[in-house]
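Below you'll find the structure I mean.
A short reminder: the numbers here are calculations on the coordinates, not readings from a lab. A quick note: this is a predicted structure, and the numbers were derived from the prediction, not measured. Quick reminder, even Gly has a Cβ in these numbers, built from the backbone with ideal geometry, and neighbours come from all protein chains shown.
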Amino acid sequence: MPPGVPDVSEHALAELATALAWASLAFVALVALVAVGLNRWAWWAERRRAAREARWTPRLLALLDGELAPEAFASGLRRRQRADMLRFLVTYAIRLRAADRQRLAKAATPLLPYARERLASWSPERRAFAVRALGLLSVRTPLVTLGAALRDPSRRVALTAARALAQSRSPRAPHVMLSALSRFGGAHTANVASLLASFGLRAGAPITAALVHPRTDARARVAAVEALRQLSYVPAAGPARALLDRPGLDLETTAAVLRLLAGVGGAREAAAVRPFVDSPDDVLRIHAVGALGRLQCGPEDAVRLRRALRDPNVWVARQAAETLGQPVPRPAPPRRQPAPGEVPS
Amino acid sequence: MTPSLFHLVDWAVLGFVALVVGHYLVGSGLALAALLQLRGRLSSSSIEELASAATLPPITLLVPMYNEGVVAVEAVHALLGVEYPTKEVLVIDDGSTDDTVARLHEAFDLEEVVRPPMADIPHAPVRTAYHSRTRPELWVLSKANGGGKADAVNAGLAHARTPLFCMLDGDSLLARDALLRAVRPFLDDAETVAVGGTVGIVNGSRVRHGRVEELRMPTSWLARFQVLEYVRAFSAARTAWDHVGALLIVSGAFGLFRRDAVVALGGLDDDTVGEDMELILRLHRTLREAGTPYRIGYAPDAVSWTECPESLAVLGRQRDRWHRGLAQILWRHRRMLFNPRYGKAGLLGFPAYVFVEFLGPVVEALGYVGLAVLLALGMVDVPLALLLLALAVALGVAQSVAAVALEQLAFRRYTRLRDVLLLLFLSVAENVGYRQLTVWWRLKGIVSYFRKTTSWGVMTRTGFQTS
C-alpha cells in the first residue's frame, strides 16, 4: 500500500454504504411525500383562492358601482386574510384608472398599515410587494415612502418604487424619481427611459435639468436623453445641444443626444450636429448623418449627405441614402463563398 | 489484485460516492433556495405591468428550420401569438428538402423582399428573403444548407436588427408570456448578456393554435422518461447553477441573448454540435478575459415547449450528438478547468461538467462491467457490491424525486395528481433499462467524438396533438 493511503476496511465501507442507502431511502420517501403534499396543497390553495375571489368579486363590483361604501368593503376581514386581500386588490388596481382607482384605494385604506409593516421585512420580495401595494392602493401617492424605497439596497424594490412613482399622478413624483436617478445605473437604459417617459410631458423640464446636471452619471444621462426623445420634448433641444460642446462627453451619450436632436432640433441644432458627420467614429457618423438628414437646413447639408453616400462604412451610407430618398446600398455579401451549384443572394 | 490496490479502489469508491452525494445534495439545496426566492419574486411583481411598459427592448425570434414542414405553420403561429409588443419573427429555412417554405408561403402570404444583413457573420448564402403580407412581424430567409443549426442561427443573427435576439428550435412553442419573463433579467441588470428559459416536453399534451392548452404526461414511456430528465435538468440543475452564478448552458431551444455580445464573438461556432453550450462558454471566457462585468442568467418561469423523440433510434442519435458536442466543447475550453481566472464558471461549473456529466457514463459503465467481471471471478464481496449498487440507485432516485418536488413547489405545471405520481414512479423505473440505454448512447457519443463524426442524424417530427 502506498504510504499515506489510510486503510478502509470492507466492514466500515459496508456500514457507511448501508447508512447512506437508508438515509437516501428515507430522503426519497420524505421528498416524495413532500411532492405529493405540495401538489395537493396547491390544488387546495387554488380552490381556496377561487372561493375567496367568488366571495370578494361581487363586493368589489358593488364597490366600483357605488352600491357599497369603501369603508364597508374590508370590514369583517380576518387578520390572516390581509395579504390575500391586498394581492386581490392589486390585480384590479393595475387595470383601473381615475375615480375607480380612488374608490379602490379608499376601500384598501384599512389594509395599508399592514403593507407598511411589511416594508421592514428582511425579504426583498415582501418589501417589493409592500411598495407595490402602497403605490397602487394609496389615496395619495406616498412620496416619502416611495422615495425611501428608491434607495432600498435591493434593486428590485427600487425599480418597483420607480414604477409606482411613474404610475402616480402626483406633480412631485418626477422630482422624487429624478433625485435617485443614479440608483438605476445598473438597470437597462431602455427600462429607466421608459419609466421616466411614463411621467409624461410634465416631467420634461426636470428630466432636462437632470440631463445637464454635472453630477448625473453617464448611464442615467443616456436614460434621460432617451426619455426626452420618447416624449419628443422640444425644449430639451437647446440644453442637449449645449451638452455636445461639453469636453469628455462619452460616446453613448453623444450618440443618444444626436438621436434626440434628430427628433426635436432645428437650424441651431443642425449646426451642432454637422461636425459629427466627419467624426472618425463610425457610430457617431451613423447617428449624425441620420440627424442631419432629418434636420437639413440648406443645400450644403445635402452636399454633406451626398458625400456620406460614399462613406466607407456601409451603415453611414445607408443612413444617407435613406434620408436622401435614394436606393439603399446593400452591404457586402457574407465572407463565405457559395457552395458549388448554389446561387448567392 | 494486491490488497493495497483493493484499498485504493475502496478509497476511489468512497471518493466518488462522496462527490456524487455532495453534488446532488448541494444542487438540490441551492435549487430549493433559488426557487423559494423566485416564488416570492413572482408574487411581488406582475407580468402585466411589464407588458404595459412604454419601452421594452425589441427582440428578434430566430427560428431555424430544417425539414420542419409538419410543425412549421403551427410553430410560427405560436410565436406570432407570444405576448411581446416589439418582436420580430425571423424563420431561417436551412435548405429544407421538404415543403417547409411552401407551407409557410401558403399560410402567411409571403412575398419576396430585400433584407440585407446587418452584421458580418459567416454563413451559407441566403437565397431569398420573404416578408409576410398578413403578419408584418414575420420574415423568412431561405438559405443554402449550412450543415447545422449554428449556421442557420448565424444567418438569422446577421440579418437581425434588434438589440436582443431569441434562439429557438424550429418546433419550439413559446408560452404566451415567455418573452416577458425572459426579458426581465435584462431590464433589471444592464450587465446581463444571456438568459436561458425552461424547455418542457409537449408530447401528449393538447395544443391549440400553437398554444399548450392542457399539459399532460406523454403516452409513450420513452417520452415520459425524457419528461423526468427535463424536470431534473431545468427545475433542479440549472436553477442551482444559476443561483451560484456558474451557469454553463443556455438551451438552444430557448435562450435570449444580447445581439452585440454575440456578434462581437462572430456568432455561433458551426464546428461543434453543441453550439449553445459552446457559445455560453465562449461568452464566459471572452468577457472574463476582457474584464467586462457580465451576467448569464436563467429564468425558470419562462417556458418553451418542444417535441421529444419517441423512437429509440432518434433518441439514441440525439444523445450521441449531445455527448459528442459536450466532449468537443469541454476539450476546446479545457483552459477553464479549475482556472480561477474564469471565476465560479471555471472553478465549479466546468469541473462539474467534466467529472459528473462527461465522465459520469464512463464511470457508470466501468462500474457495471467491473461488477459483472468481479462477480464472475468471485473476487468481490457480493452483499457489499449489491449494497453499493443500491446506494447509487437510491441517490439517483433521490435526485429525481427532489427535482419533482421542486417543480411542484415552484411551478406545478403538472397539476394532476396522477402525473405527479407517475413522475415519482419514473424516478425509480428509469434505473432499470432507460438509464443504461442513456449510458450506452453517451458512450457512443464519446466514441463518435474520437472518430471525429460530425453528422447531426435525422430528427423526425410527428406534429403536435391539436384539439
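Starting from the Cα-Cα distance between residue B:416 and residue B:109, subtract it from 0.36 nm times their residue separation and give me the gain in nm to one decimal.
106.5 nm is the gain from fully extending residue B:416 to residue B:109.
Considering all alpha-carbon pairs of the protein assembly as shown, what whole percent are spaced by more than 55 angstrom?
Percentage above 55 Å: 17.
At each listed q (0.12 Å⁻¹), what is the log10 of I(q)/I(0) that the Debye formula gives for chain B modelled as equal alpha-carbon point scatterers?
The computed values of log10 I(q)/I(0) come out as -1.08.
Under the Karplus relation 6.51 cos²θ - 1.76 cosθ + 1.60, θ = phi - 60°, what is the ordered set of whole-Hz ³J(HN,Hα) values for segment A:260-272, x standing for Gly and Pro?
With the stated coefficients, segment A:260-272 comes to 5, 4, 4, x, 10, x, x, 4, 5, 6, 4, 4, 6 Hz.
A follow-up question, please. Averaged across the residues of B:381-388, what count of C-beta atoms belonging to other chains lies within 10 Å of each residue's C-beta?
Taking all residues of B:381-388 together, the mean is 4.
Under 10 °C and 1.306 mPa s, how fast does segment A:205-292 diffuse according to Stokes-Einstein, given a Kirkwood radius computed over C-alpha pairs? Answer in µm²/s, whole number.
D = 127 µm²/s.
Another question about this same structure. Working from the pairwise distances between different alpha carbons, so that the mean of 1/r is found and then inverted, what is segment B:296-378's Kirkwood radius in Å?
Taking every pair of different Cα atoms in segment B:296-378, averaging 1/r and inverting gives 15.9 Å.
Here is a follow-up. Within the set of other residues whose C-beta is less than 11 Å from the C-beta of residue B:119, count the net charge using Lys and Arg as +1 and Asp and Glu as -1.
0
Additional query: Work out the mean other chain Cβ neighbour count within 10 Å for the residues of A:132-139 and drop it here as an integer.
The shielding value for this peptide is 1.
From the backbone phi of segment B:283-300, what are the Karplus-calculated ³J(HN,Hα) couplings (6.51 cos²θ - 1.76 cosθ + 1.60, θ = phi - 60°) in whole Hz, Gly and Pro given as x?
My calculation for segment B:283-300 gives 4, 4, 5, 5, 6, 5, 5, 7, x, 8, x, 7, 9, 10, x, 9, 10, x Hz in order.
Follow-up. Name the shape class, rounded, prolate or oblate, that the alpha-carbon gyration tensor gives for segment A:192-241, where a ≥ b ≥ c are the square roots of its eigenvalues, rounded holds for a/c under 1.5, and otherwise prolate holds if a/b is larger than b/c and oblate otherwise.
Cα axes put segment A:192-241 in the oblate bin.
Pop a pseudo-label 7 angstrom from the Cα along the beta-carbon direction at both residue A:54 and residue A:116 and give the gap in nm to one decimal.
3.7
Can you sort A:138, B:427 so the residue with the fewest Cβ neighbours within 10 Å comes first?
Lowest count first: A:138, B:427.
For chain A, what log10 I(q)/I(0) values come out of the Debye formula at q = 0.07, 0.08, 0.15 1/Å, with one point per alpha carbon and no solvent?
Computed log10 I(q)/I(0) values: -0.55, -0.66, -1.16.
For segment B:100-222, what percent of Cα pairs sit more than 21 Å apart?
55
When you look at the Cβ of every residue in A:186-199, what mean number of other chain Cβ atoms sits within 10 Å?
5
Tell me the mean residue ellipticity at 222 nm calculated for the protein assembly as shown from its helices only (DSSP H runs of n ≥ 4, each -39500 (n - 2.57), averaged over every residue, nearest 500).
It comes out at -18000 deg cm²/dmol, rounded to the nearest 500.
OK, next. Quick check for the protein assembly as shown: number of Lys pairs with alpha-carbon distance under 23 Å, counting only pairs 8 or more apart or on different chains?
Summing the qualifying lysine pairs gives 5.
Another one. Give, in whole angstrom and from largest to smallest, the semi-axes √(5λ) of the equivalent ellipsoid of segment B:277-430, with λ running over the eigenvalues of the Cα gyration tensor.
32, 26, 16
Compute the normalised compactness of segment A:158-209: alpha-carbon radius of gyration over 2.2 N^0.38 Å, N being the residue count.
In units of the 2.2 N^0.38 Å rule of thumb, it is 0.99.
Going by how many other beta carbons lie within 10 Å of each one, how would you line up A:57, B:100, A:18, B:192, fewest first?
Least crowded to most crowded, the residues run A:57, A:18, B:192, B:100.
While we're here: Evaluated at 4 °C with a viscosity of 1.567 mPa s, what Stokes-Einstein diffusion coefficient in µm²/s does segment B:352-461 have when Rh comes from the Kirkwood expression over alpha-carbon pairs?
Here the translational diffusion coefficient equals 78 µm²/s.
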